[in-house]
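As structure tokens, the structure follows; a few thoughts come after it.
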Amino acid sequence: MKISVITVNRNNREGLRKTLESVAAQTVRPFECIVIDGASTDGGAALLTEFAPVISWSVSEPDKGIYNAMNKGISHATGDWCLFMNSGDCFASDTVLASLEQLGPTADIIAGDTLVLTDPPHQKTAPEQVSLRFLFNESLCHQSVLIRTALLRKYPYDEDLTIVSDRKFFLQSLVFDNASYQAVPIEIAAYDVSGYSAQNRFASEQEWQGALEKMIPERILTDYGRESKGALYGTSAYEKLFLEIGRRRYRDPVYRLVRRLLRLCSLFAKSAAFVKSFPRNP
């Protein structure tokens, strides 16, 4: 199987180096490496020369956003599948592509597990089956998903979206087009959570809600059993509150502050329970 590993980068020199080193370390070579740099000003474009022996095709020029850059990479891909490993992300091990080649999956969309680089890191397992319910509420981790190149050309990423175009693609291809899907027991990527989408969760959810409303008739959203406004992402009062806050420019600072407060409350509760567990003096 030939895989086109596509990396999109802008002003993330160290992240790009980490990604390209990870690609270069793969023990088998049934792949091509494509790098789309958005005219970086931090010296990252110089890495395209340094890693020239690994890179099959690259460009450093202004683009119209991440999905425009990803579509540009797809247009130059010659592999059967594309894998988007953007700057800062890397393969979970040096033998990922060798393991995939040995397993020999053939589906249109092939999803593996992901090491999410939070503190502490945790693993996100690819679902065995992808249902409409799953796609309404979450998405596949694109760093760990191989997508047939012909399918990406049939449904190019929507460049009018800034965060959720990959989610829209999965809904279009897996539900509307009934593309084949296969989960594989391989940890494919280590996912860098410092990226834009991971740091802007509620902006992402708002954009996804708007995309759903354009793609799916309201009566279908109602049939799904949830309100078409807000409740797609949870029914608790505090989740609805944050979706409302998300319409304002301070949504992300407020969200991060409350997350920290909740974490402190949790630590306080655990400490109190620990102290209470000590036997009292008679």
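Observations
- Residues considered: T27, T41. Of these, the only one that is of a type in the set (S, T, N, Q), over 19 Å from D89 (Cα atoms) and either surrounded by fewer than 21 Cβ atoms within 10 Å (Cβ to Cβ) or free of Cβ contacts under 8 Å to residues at least 40 places away in the same chain (or both) is T41.
- Number of the condition not met by A111 [criteria: (1) modelled with pLDDT of 95 or more; (2) closer than 23 Å to L20 by Cβ; (3) assigned to a strand (DSSP E or B)]: (2)
- Inspection of segment 90-108 finds no residue satisfying the criterion of being in the same structural domain as D177 (by TED's automatic domain parsing), within 25 Å of D160 (Cα to Cα), surrounded by 21 or more Cβ atoms within 10 Å (Cβ to Cβ) and touching a residue at least 40 places away in the same chain (Cβ under 8 Å).
- Exactly one residue out of E21, E32 is closer than 23 Å to K154 by Cα, assigned by TED's automatic domain parsing to the domain that holds T149 and not in a loop (DSSP other than H, G, I, E, B): that is E32.
- Flag for K168 being outside the structural domain of Q206 (by TED's automatic domain parsing), buried (at least 20 other Cβ atoms within 10 Å of the Cβ) and over 12 Å from the mean Cα position of the chain (by Cα): yes
- Filter pass, I163 being assigned to a strand (DSSP E or B) and of a type in the set (A, V, I, L, M, F, W, C): no
The values are calculated or read from the model by the stated rules, or taken from the named source; none is laboratory data. These figures come from a predicted structure and were not determined experimentally. Cβ coordinates were reconstructed from backbone atoms using ideal geometry, including for glycine residues, and neighbour counts include every protein chain displayed.
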